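A.B. asks: Structure incoming, see below.
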There are 2 protein chains.
Amino acid sequence: MRVLVPFGARDPKTRLGAVLDEQERHSFAEAMLADVLRALADHDPVVLADAPVDVDAPVTVDERPLTEAVNAELASGVPTAVMMADLPLVGRETVERLIAPDADVVMAPGLGGGTNALVVRDETFRVDYHGASVRDHRRAARAEGLSLATVDSFQLAADIDEPDDLVEVLLHGDGAAATWLRAHGGRVATTDGRAQFTWGDTEE
Amino acid sequence: MRVLVPFGARDPKTRLGAVLDEQERHSFAEAMLADVLRALADHDPVVLADAPVDVDAPVTVDERPLTEAVNAELASGVPTAVMMADLPLVGRETVERLIAPDADVVMAPGLGGGTNALVVRDETFRVDYHGASVRDHRRAARAEGLSLATVDSFQLAADIDEPDDLVEVLLHGDGAAATWLRAHGGRVATTDGRAQFTWGDTEE
């Protein structure tokens, strides 16, 4: 199966701008991408980027928005997995769980309704990553009579988009993104509720 | 295996107070509890509550804080699963995945480092739900030389604690909690980023 990893190389992770400057956003996004590519190493992943990026995998550059770029690839009709590049917790076992179901469409939801990972084995199915895409993709698959499977995975749900997400990298990560974040002073702050991300010397 | 579902019956879900009044918090918490009990139906769950609660399962009332109440149960040495009551997305397959690993301790992390589900097969292991408990439990298991497994599950990670979490119930739930929330006007609002919970007539 072909495996694509879309990557926004031009202006990555803008919603992390409150805690990372532009250079840091690039470095951290590339560290997360490296973690995803490592988890996919048995599957020869191809990075689908909106600008050239120096990474240890083949890169297809397509300057169009995410939805259009992915749909252009799906139009070939080749069975394809699409996994987002901001999933630094993902491991090889989870990749196998994603690919295992024998369904026309397999989805792993992200927090807030994103479609963080997707397998498409039907040549007519197209993506639309706007809005609550996992719900829209589910409805589209059902409307077309396609078989649908959902993969229940925290590793695939935990996309790192917002400052509050960074704590998950520190709590569970053991790859390049976690190393980067710790080296730059990222720490876990415990509270009465959920643990929070912070910078500095807070006891971990 | 004994299965416990801790439930705060006295003043449930205080962090949802911004969007639910006291009566609604009770009703919604009981709806979530019903969903969890339904997922556990093959395992004869017992509710471990801090006050009497009218629910379709045996209830053990222990007025002590969560950590103490659970540890009092673990002291018996009986293999025990502990699953939180605010996991309305959990399904039967995921329960089986939690119970399957043959390890002394099995954990399913929650968002922000909680321990949303736990299996303990070692009579010396004790819980401490304060702080980033999944990290502390992991360290404690390793320090004691216990075998440890982690279950990768979005359904078990998505505890419904804060208003932002409610959108997950609407996006993925099909049980009592989702029905309650929809009947009370809960809706999905789509934005450029993650979908958000809202009240009212927003198109779903």
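Any read-out appearing in this document is the output of simple, stated calculations on the displayed coordinates, not a laboratory observation. Fair warning: this is a prediction, and the values are worked out from it, not measured in the lab. All Cβ positions, glycine included, derive from the backbone under ideal geometry; neighbour counts span all protein chains shown.
A.B. asks: Taking each residue in B:152-160, count the Cβ atoms of any other chain within 10 Å of its Cβ, then average. What number comes out?
C.D. replies: Across the residues of B:152-160, the mean count of other-chain Cβ atoms within 10 Å is 6.
A.B. asks: Here is a further query. Can you compute the modelled spin-label distance between B:HIS130 and A:THR179, with each label point 7 Å from Cα toward Cβ, in nm?
C.D. replies: The modelled label-to-label distance comes out at 3.5 nm.
A.B. asks: Which residue of chain B is nearest the rotation axis onto chain A, counting by its Cβ, and what is the distance in whole Å?
C.D. replies: That would be B:PHE154, 3, residue then distance in Å.
A.B. asks: Restricting to DSSP H runs of at least four residues, report the calculated mean residue ellipticity at 222 nm for chain A, -39500 (n - 2.57) per run over all residues, nearest 500 deg cm²/dmol.
C.D. replies: Calculated from helices alone, the mean residue ellipticity at 222 nm is -9000 deg cm²/dmol.
A.B. asks: If you don't mind, there's one more thing I want to ask. With the calculation restricted to Cα positions, what are the radius of gyration and Dmax of the protein assembly as shown in angstrom?
C.D. replies: Computed over the Cα atoms of the protein assembly as shown, radius of gyration and Dmax are 21.2, 62 Å.
A.B. asks: On a C-alpha basis, how far is the centre of the range A:64-100 from the centre of the range A:116-195 in Å? Whole number, if you could?
C.D. replies: 12
A.B. asks: Using a Gaussian network model on chain B with a 10 Å cutoff between Cα atoms, which of B:PRO109, B:PRO58, B:PRO88 fluctuates the most?
C.D. replies: B:PRO58
A.B. asks: Please compute the Kirkwood hydrodynamic radius of the range B:2-162 from all pairs of different C-alpha atoms, in Å with one decimal.
C.D. replies: After inverting the mean inverse Cα-Cα distance, the result is 15.7 Å.
A.B. asks: Let me know the shape class of the range A:1-80, please: from the alpha-carbon gyration tensor, a ≥ b ≥ c as square roots of the eigenvalues, rounded when a/c is under 1.5, otherwise prolate if a/b is greater than b/c, or oblate.
C.D. replies: oblate
A.B. asks: Would you mind classifying the range A:158-204 by shape? Square roots of the alpha carbon gyration tensor eigenvalues, ordered a ≥ b ≥ c; an a/c under 1.5 is rounded, otherwise it is prolate if a/b is larger than b/c and oblate if not.
C.D. replies: The shape class here is oblate.
A.B. asks: Considering only DSSP states other than H, G, I, E and B, which GluC sites (Glu not before Pro) in the range A:82-134 qualify as loop sites with at most 15 other Cβ atoms within 10 Å?
C.D. replies: A:GLU123
A.B. asks: If the label point is 7 Å along Cα→Cβ of B:THR60, which residues in the range B:114-139 have backbone nitrogen under 18 Å from it?
C.D. replies: B:117-129
A.B. asks: Another question about this same structure. So what's the net charge close to A:HIS130: Lys and Arg +1, Asp and Glu -1, counting the other residues with Cβ under 13 Å from its Cβ?
C.D. replies: Surrounding charge for A:HIS130 is -1.
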